[in-house]
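Accompanying notes for the structure given below.
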């Protein structure tokens, strides 16, 4: 945990302190920031980082040794009354603290502290605000993370080439969705890449379901094929790409793909322009731009999800800024060091189309780290 960075961010945001609270893993964001993942924590704890001064860990007596690597003083409790007294002594005097909370649950990825705990602190006279923009500075990638992501992206590119070659070789006896999925995983395993759950492969009408689970359906002439695959190095963040092909697919599928490609490029251009102007765009802005392209093309009624998501370590869908003004109104900025997908899609049936690239934000602006598909690939 980089305490000086946290305190610098708190001072810039004019927030007196950051209270990282969790009970039995209820706040994975706090555990991730503090490096406590995988520890068997059965009691509640709170780690207070003030904008000035020494941090304080409020910890149960039987688990104090679990936190030996966290700097700062200790306030050890055993009873609930002692826990409350520790809060009154160390936290309440600050008057206002940031926590993993978002007003009205507006961004579920941030709403990790239970309502009862927030009520408790407010009842003590403490103002609780969202840690959203403080937390972002601990969800960025380092150079090693970016390098690991590039390796994962290379693995995805190889897996796509292999999987599409497998399909082409089998057009006289078309494979099932699960067979193609197995070919993707064969490449991942050979490269030492890992995943939280297997990739999505969808044929024909199944492509109209953005989160289809592959089954025994076999590709038919006149259908589109969608492969959504994600993986990472064991020590790194995810890469996540969607690719589409068609076996003599209808022209409306090709036209719809061009619409989502234009939406993807419009969102990317907006991000580049914002950085050129010296500002960080908000997640909802890029979603609005992409959605505007789709709506002007007359396909707005076939939208089913946001434009993109943060790329995480534990899962491809991370917890930082999303490109979202659809499922949520994500007001968080896209700051340097964050990585995310741009993946607009429309699902009119009997097909759906989506295109996806990964983007890493350098201080000077966005870099697309994966291959951008320009047209529906013909098998």
*asked:* Here is a check on your reading of the model: is residue 148 loosely packed, with under 12 Cβ neighbours inside 10 Å, touching a residue at least 60 places away in the same chain (Cβ under 8 Å) and under 23 Å from residue 235 (Cβ atoms)?
replied: no
Being buried (at least 18 other Cβ atoms within 10 Å of the Cβ) and assigned to a strand (DSSP E or B) narrows 321, 341 down to just 341
Restricting segment 71-110 to residues that are on the phi > 0 side of the Ramachandran plot and either part of a helix (DSSP H, G or I) or not assigned by TED's automatic domain parsing to the domain that holds residue 24 (or both), the one farthest from the chain's Cα centre (by Cα) turns out to be 104
Of all strands (runs of 3 or more DSSP E) fully inside segment 1-70, the set with 2 or more residues that are modelled with pLDDT of 95 or more, under 17 Å from residue 95 (Cβ atoms) and within 27 Å of the chain's Cα centre (by Cα) is 17-22, 45-50
Checked 153, 182 against criteria (in the same structural domain as residue 331 (by TED's automatic domain parsing), free of Cβ contacts under 8 Å to residues at least 12 places away in the same chain, surrounded by 14 or more Cβ atoms within 10 Å (Cβ to Cβ) and in a helix (DSSP H, G or I)); the one match is 182
With criteria (1) at pLDDT 95 or above; (2) not in a loop (DSSP other than H, G, I, E, B), residue 113 comes up short on (2)
Residue set 205, 237; condition touching a residue at least 12 places away in the same chain (Cβ under 8 Å), more than 18 Å from residue 377 (Cβ to Cβ) and more than 25 Å from the chain's Cα centre (by Cα); output residue 205
Taking segment 289-318 and the residues there that are out of contact with any strand residue (DSSP E or B) (no Cβ under 8 Å at 6 or more places or on another chain) and either surrounded by 18 or more Cβ atoms within 10 Å (Cβ to Cβ) or not assigned by TED's automatic domain parsing to the domain that holds residue 349 (or both), the one that is nearest to residue 261 (Cα to Cα) would be 293
Has segment 40-48 got at least one residue that is under 17 Å from residue 117 (Cβ atoms), touching a residue at least 40 places away in the same chain (Cβ under 8 Å) and in contact with a helix residue (DSSP H, G or I) (Cβ under 8 Å, 6 or more places away or on another chain)?
-> yes
In segment 200-222, anything surrounded by 14 or more Cβ atoms within 10 Å (Cβ to Cβ) and under 12 Å from residue 175 (Cβ atoms) is listed as 201, 203, 214, 217, 218, 219
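The values are calculated or read from the model by the stated rules, or taken from the named source; none is laboratory data. No experiment lies behind these values; they were computed from the predicted model shown. Cβ: placed from backbone, ideal geometry, glycine included. Neighbour counts: every protein chain shown.
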